[in-house]
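Working notes, beginning with the structure itself.
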Amino acid sequence: MPSPQEGAEGLSAFQFSQWYEFNQALASAKDVCSLFSHSMAFLAKIAEVKNGLLGLLDGTRTKLVVQEVYGQALKHVKGSSCQADEGHCGEVMRRGSSRAIANVLKEPLLQGISAEGQPPGLSCICAPLRWGDIPLGILLTENPNSSSKDGLTVLETVAACISPPLVVMRWGKDASLDEILMSKLERAVARMDLQTESNGNLMADVVSLVERTLILTALKKSDYVQLTAARFLGINRNTLRKKIKDLDITLPKP
């Protein structure tokens with residue numbers, strides 16, 4: 001790493017090179033394990049981080065599970081889990097804001113950690129993994145410099161870099177249609193006011209939206225050949241024509 005005497009310009013060039021190499025490594029990652037390994041190797045290089053873990057929501061999205069670990073201090077917590085709303089780690093994931101954790105030995109997610117040989121208060125920093133407003137999990141590492149906010153800023157940036165490929169690797173291929181719909185509907189309904197926002201029409205509105213989306217997608221997929229689209233949807237052509245009219249779907253002119 002360049003010395004301070006080399007000036008800000010040289011340091012910036014060095015940092016750019018390091019981040020470029022990191023992003024190239026992420027592009028070559030084939031699975032969650034390699035994605036995490038590249039991230040920790042990068043953090044070890046630029047901040048001398050020696051311990052870290054990757055915690056992800058499970059299939060039910062109710063539990064946070066330690067999927068990958070790095071370093072000796074956290075080696076016993078792989079596979080540990082807690083409820084998604086427990087501890088500082090759960091709070092970081094839900095709120096989408098990073099924070100320092102003064103003593104991870106008290107964290108529900110890290111109950112498997114051994115205090116033997118560790119400092120009395122193992123200080124760590126934790127950043128959320130998110131896709132838009134969708135929580136995915138957390139990235140936690142030891143705090144390389146507890147007196148500075150630089151480590152937290154770097155960890156936040158790394159978490160932001162790995163979140164998109166993580167979505168594809170973990171959920172993009174494996175999520176079923178009902179899991180995708182359930183997840184999206186749960187988030188949408190959770191943001192609504194129970195007393196006012198549905199106006200008593202929530203069921204009808206959702207059914208109408210789903211029907212309209214399916215029909216439009218099927219029509220585009222079939223190049224607007226209605227018979228083909230109807231067969232794809234599992235309905236007859238007359239039913240499709242009626243729904244197109246009822247849902248006010250505009251078809252392209254021939």
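Any read-out appearing in this document is the output of simple, stated calculations on the displayed coordinates, not a laboratory observation. All of these numbers come straight from a predicted model, not from anything done at the bench. Using ideal geometry, Cβ is built from the backbone for each residue, glycine included, and neighbour counts are taken over all protein chains shown.
Summary table below
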| quantity | calculated |
| --- | --- |
| Using a Förster distance of 25 Å, the FRET efficiency for Ala160-Ala102 (Cβ separation, nearest 0.05) | 0.55 |
| Listed pairs Lys45/Lys75; Lys45/Lys78; Lys30/Lys149; Lys30/Lys220; Lys220/Lys242 exceeding 28 Å between Cα atoms | Lys30/Lys149; Lys30/Lys220 |
| Net lengthening on full extension, Asp248/Ala41 (0.36 nm per residue, minus Cα-Cα) | 69.1 nm |
| Neighbour-count order for Met93, Met40, Met169, Met203, fewest beta carbons within 10 angstrom listed first | Met203, Met169, Met40, Met93 |
| Residues Leu227 and Val206, FRET efficiency given R0 of 30 Å [Cβ-Cβ distance, rounded to 0.05] | 0.60 |
| Neighbourhood net charge (12 Å Cβ-Cβ; Lys/Arg +1, Asp/Glu -1) for Arg237 | +4 |
| Label-point separation in nm, Asn145 to Leu214, each point 7 Å along Cα→Cβ | 5.7 nm |
